[in-house]
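A.B. asks: The structure that follows is given in the form of structure tokens.
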Amino acid sequence: MHHPEFPVVTLLCAALLLVPLPWHLRARNVATLSMIGWLFVLNVIYAVDAIVWANNVKILVPVWCDITTKVIVGGNFALPAACLCVCIHLEKVSSVRAARTTSREKRRRQIIEGLMCFGIPTLFMALHYIVQGHRFDIIEDFGCRPTIYASIPALILMWVVPLVVATLALGFAALALKHFLERRISFAKHLDNRAGLSTARYLRLIMMAVVEMVIGIAFTAYTLWFNTPNLQPWTSWADVHWHFSAIAQYPTVLLPPAFLRAYTVLWWMVPISSFIFVIFFAFGEDAIAEYKACFLWISRNVLRRQPSPRSIKHDKMSSFPMQW
């Protein structure tokens, strides 16, 4: 195995992503839940591929590859879309345009975010067929990967659209930070009245989205830079999809070093995005309160120890879900 770190890193990321899952589930925060879901699935896919196709390019489970390559395509749209949803909501609750969020408005936002984070990626998973030159590729040590017929339509569909979404997310994040700077003295009370958000949680959400999008834009720009010189003319549908059932197999010894370097760099996008998410959400005050509550539960129900009154009070306080 040329990259023994691949399955270790991705399985670690998948496990760490489950740490902040409980309080995001209680908060019913569709955007951040979708980020956890997409990143978890992508990490599992990367781990399985790295294990199964270590040092080989055998066609072992074609159906697995058909499914996972589409999921990988969907993930490229889902993560920017989720960050855009987070930034739009934070900009809205920090502005002075509307009154306190009602349960009906929250439900409406959840539906819209569900469409953005799952519906739109599914649409682009289907649109990928337009620029899918053949069934899929198998790259040694990396596993199954989606194929893209490098052309102007592919440039727009697969790379420019996620880039635009990420840029929009940064724009809304900038507006949200502007609201914070304009009213930073009364900002905490304003947030609590509008969405039950603390200033620390608000800033953590914004910074997470900004860092994720900066990283995403950097990786997408790198992909554009790498693929633009190799653009091919779009001649016809029949030509692009000729011999569509083909499965290309690429042993690493036959690949140019520049291609391997580029592929390795792009592979790290999912683990890096996962680590960023975990850093922002697994070490905040909500996470610490959750850890303490979990420890107290184990102490009380497993170890049969009687907690102190102060611990009991903290346990009750930490059981409240996030509201935003």
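A.B. asks: Scan region 25-35 residue by residue and report those that are in a helix (DSSP H, G or I), within 19 Å of Pro80 (Cβ to Cβ) and either among the basic types (Lys, Arg) or touching a residue at least 60 places away in the same chain (Cβ under 8 Å) (or both).
C.D. replies: If we filter region 25-35 for residues that are in a helix (DSSP H, G or I), which is where we start, we get 25-27, 30-35.
Of the ones still in play, those that are also within 19 Å of Pro80 (Cβ to Cβ) are 30-35.
Hits for region 25-35 are Val30, Ala31, Thr32, Ser34, Met35.
A.B. asks: For region 53-68, which positions are hydrophobic (A, V, I, L, M, F, W, C) and buried (at least 17 other Cβ atoms within 10 Å of the Cβ)?
C.D. replies: Initial filter on region 53-68 (hydrophobic (A, V, I, L, M, F, W, C)): 53-54, 57, 59-61, 63-65, 67.
Listed by number, the residues that qualify are Trp53, Ala54, Val57, Cys65.
A.B. asks: How about region 46-68: which of its residues are within 23 Å of Ala14 (Cα to Cα) and either in a loop (DSSP other than H, G, I, E, B) or free of Cβ contacts under 8 Å to residues at least 60 places away in the same chain (or both)?
C.D. replies: Matches in region 46-68: Ala47, Ile51, Trp53, Ala54, Val61, Val63, Ile67.
A.B. asks: Okay, moving on. When you look at Val8, is it surrounded by fewer than 22 Cβ atoms within 10 Å (Cβ to Cβ) and modelled with pLDDT under 95, yes or no?
C.D. replies: Working: surrounded by fewer than 22 Cβ atoms within 10 Å (Cβ to Cβ): yes; modelled with pLDDT under 95: no.
Judged against the criteria, Val8 is not a match.
A.B. asks: Taking the options Leu127, Leu191, Leu170, Leu175, name whichever one is out of contact with any Pro (no Cβ under 7 Å at 6 or more places or on another chain), modelled with pLDDT under 85, farther than 29 Å from Lys58 by Cβ and not in a loop (DSSP other than H, G, I, E, B).
C.D. replies: None of the others qualify; the one that does is Leu191.
A.B. asks: Output the residue which, of all residues in region 194-217 that are small (Gly, Ala, Ser) and either loosely packed, with under 13 Cβ neighbours inside 10 Å or more than 28 Å from Tyr263 (Cα to Cα) (or both), is modelled with the highest pLDDT.
C.D. replies: For region 194-217, the residue satisfying everything is Ala200.
A.B. asks: Confirm whether Ser103 is in contact (Cβ under 8 Å) with a residue 60 or more places away in the chain, small (Gly, Ala, Ser) and surrounded by fewer than 22 Cβ atoms within 10 Å (Cβ to Cβ).
C.D. replies: It is false that Ser103 is in contact (Cβ under 8 Å) with a residue 60 or more places away in the chain, small (Gly, Ala, Ser) and surrounded by fewer than 22 Cβ atoms within 10 Å (Cβ to Cβ).
A.B. asks: To continue, here is another question. For region 14-35, enumerate the residues that are buried (at least 16 other Cβ atoms within 10 Å of the Cβ) and more than 15 Å from the chain's Cα centre (by Cα).
C.D. replies: Listed by number, the residues that qualify are Val19, Trp23, Ala27.
A.B. asks: Within region 73-96, does at least one residue satisfy the condition of being touching a helix residue (DSSP H, G or I) at 6+ places or on another chain (Cβ under 9 Å) and in a loop (DSSP other than H, G, I, E, B)?
C.D. replies: Scanning region 73-96, I find at least one residue that is touching a helix residue (DSSP H, G or I) at 6+ places or on another chain (Cβ under 9 Å) and in a loop (DSSP other than H, G, I, E, B), so the answer is yes.
A.B. asks: Considering every residue within region 75-82, establish whether at least one is under 26 Å from Ser198 (Cα atoms), within 23 Å of the chain's Cα centre (by Cα), surrounded by fewer than 18 Cβ atoms within 10 Å (Cβ to Cβ) and not aliphatic (A, V, I, L, M).
C.D. replies: Among the residues of region 75-82, not one is under 26 Å from Ser198 (Cα atoms), within 23 Å of the chain's Cα centre (by Cα), surrounded by fewer than 18 Cβ atoms within 10 Å (Cβ to Cβ) and not aliphatic (A, V, I, L, M), which makes the answer no.
A.B. asks: Can I ask one more? Within region 227-273, how many residues are farther than 20 Å from Ser151 by Cβ and hydrophobic (A, V, I, L, M, F, W, C)?
C.D. replies: 12
A.B. asks: In this structure, is Ala248 small (Gly, Ala, Ser), within 22 Å of Asn227 (Cα to Cα) and crowded, with 16+ Cβ neighbours inside 10 Å?
C.D. replies: Values: small (Gly, Ala, Ser): yes; within 22 Å of Asn227 (Cα to Cα): yes; crowded, with 16+ Cβ neighbours inside 10 Å: no.
In short, no.
A.B. asks: From the list Val41, Val86, Val71, which residue is free of Cβ contacts under 8 Å to residues at least 40 places away in the same chain and either surrounded by 16 or more Cβ atoms within 10 Å (Cβ to Cβ) or in contact with a strand residue (DSSP E or B) (Cβ under 9 Å, 6 or more places away or on another chain) (or both)?
C.D. replies: Result of the check over Val41, Val86, Val71: Val41.
A.B. asks: All but one of (1) closer than 25 Å to Leu155 by Cβ; (2) surrounded by fewer than 16 Cβ atoms within 10 Å (Cβ to Cβ); (3) of a type outside the set (Gly, Ala, Ser) hold for Met116; state the number of the condition that does not hold.
C.D. replies: Single failed check for Met116: (2).
One line per residue, one yes/no per condition, for (1) closer than 24 Å to Cys83 by Cα; (2) free of Cβ contacts under 8 Å to residues at least 60 places away in the same chain:
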| site | (1), (2) |
| --- | --- |
| Tyr222 | yes, yes |
| Trp237 | no, yes |
| His243 | no, no |
| Ala246 | no, no |
| Thr252 | no, no |
| Phe259 | no, yes |
| Val270 | yes, no |
| Ile279 | yes, yes |
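A.B. asks: Taking the condition out of contact with any helix residue (DSSP H, G or I) (no Cβ under 8 Å at 6 or more places or on another chain) and in contact (Cβ under 8 Å) with a residue 40 or more places away in the chain, does Thr122 pass?
C.D. replies: Answer is no for this residue.
The values are calculated or read from the model by the stated rules, or taken from the named source; none is laboratory data. Since the structure is predicted, the reported quantities are computational estimates derived from the model, not experimental observations. Here Cβ is always computed from backbone atoms with ideal geometry, including for glycine, and neighbour counts include all displayed protein chains.
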